[in-house]
Amino acid sequence: ALADGRSLTLRLPAGGAHERLFFDVPPTASQVSFSLDGAGDYDLFVARAGEGPGSDASIAAAPPRDQAQRQVIGAAASKTITLAGGDLLPGRWYVTPVARNGGQPVQVRARIDAQSAPVRRFSHYFNPDRSGHGLLLDEAGGGSTWIAVWYTYLADGRPTWYLLAAPAPAATAGQWTSPMLRVAWDGTVGHVTEVGEATLTFTGATGDGLSSLTFSYRLDGVTGSERMLELTA
C-alpha cells in the first residue's frame with residue numbers, strides 16, 4: 001500500500017508492472033495526486049476498484065489497463081495525475097507503473113493535496129468476517145503520539161500481537177502510518193524488532209454511527225489489507 005506523501009522505489013523488468021500497488025482515498029479527501037519520478041522508462045495508470053478491501057486480507061490485482069480512469073504514457077521523467085471534484089471518489093485506487101525497457105528505478109507516490117477533518121476515534125476495531133483478531137487504537141504523550149496494538153494469529157494458528165507507535169497525524173489527516181514492531185520478552189529483557197509497516201485510512205462513520213477504517217500492512221514481506229469497524233461507539 002502507498003501511504004500519503006511517502007515515496008516507494010521500484011525496479012521492474014521490461015514489460016513488467018506492479019499489479020497490487022494501491023492507495024486508499026479517504027472520503028474527506030478533495031484532491032489527490034499520483035506521481036512517478038525517474039519515470040522516463042515507465043508509463044503510469046490509475047484505476048479505481050471499489051470502496052476498499054473485501055472480507056479477507058488478500059489484495060486483488062489492479063483492473064485491466066483499458067479500465068484505467070487516467071494514464072500518462074511517454075518518455076517524460078516525471079509523470080503526475082491529479083484528481084479532484086467529481087473525478088475523485090473515495091475508495092481503493094490502483095497506481096500501476098509499467099516498464100517499457102526495464103531495469104531502471106522509479107519512485108511512486110500518492111499525496112492527498114486537500115482534505116477536511118475525518119471521523120477518527122480511539123477505540124477497539126475488528127473485522128466482522130475474521131473473528132478473533134482486531135486493533136486497539138489510542139494516544140499517548142498528551143496526544144503527540146498514537147499507538148495501536150494489532151492482535152492476530154500466526155500462520156500455524158498461534159495467537160500473537162504487534163505494536164504500532166508513531167507521531168500523531170495532523171488534525172485533518174485521513175491516514176496514519178506507523179512502523180510495525182514485534183515485542184518479545186526473554187524473562188529478563190524486552191526485545192523490540194521492526195518487522196513491517198501499517199497504514200490506517202479512516203473511512204468515516206457507518207449508518208449505526210460506528211467509526212470505520214482500512215488497515216493495510218506489510219509484515220515480514222507479506223502484505224494484507226482489510227476493513228475494520230468500531231466494536232462499539
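What follows draws every value from the coordinates through simple rules; no lab data is involved. Note that the coordinates shown come from a computational prediction; the quantities given were computed from them, not determined experimentally. Here the Cβ positions follow ideal geometry from the backbone for every residue, glycine too, while neighbour counts run over all protein chains shown.
Between the alpha-carbon centres of the stretch 113-156 and the stretch 160-233 there is a gap of 5 Å. Farthest toward the positive end of the dipole of the chain, out of Leu163, Phe215, Ser123, is the Cα of Phe215, where the dipole comes from beta carbon charges about the Cα centre. Sorting Glu230, Glu194, Glu51 by the number of Cβ atoms found within 10 Å of their own Cβ, with the fewest placed first, yields Glu194, Glu51, Glu230.
Along the positive direction of the dipole of the chain (beta-carbon charges: Lys, Arg +1; Asp, Glu -1; about the Cα centre), which of Leu21, Thr206, Ile59 reaches farthest? My answer, from the dipole projection, is Leu21.
Run the dipole for the chain about the Cα centre, Lys and Arg Cβ at +1, Asp and Glu Cβ at -1, nothing else charged, and hand back the magnitude in debye, nearest 20.
On the way: 18 positive and 22 negative charges, 86 e Å.
The dipole magnitude comes to about 420 debye.
Taking Ser30, Ser216, Ser78 as the candidate residues, the one with maximal mean-square fluctuation in a Gaussian network model of the chain, Cα springs under 10 Å, is Ser78.
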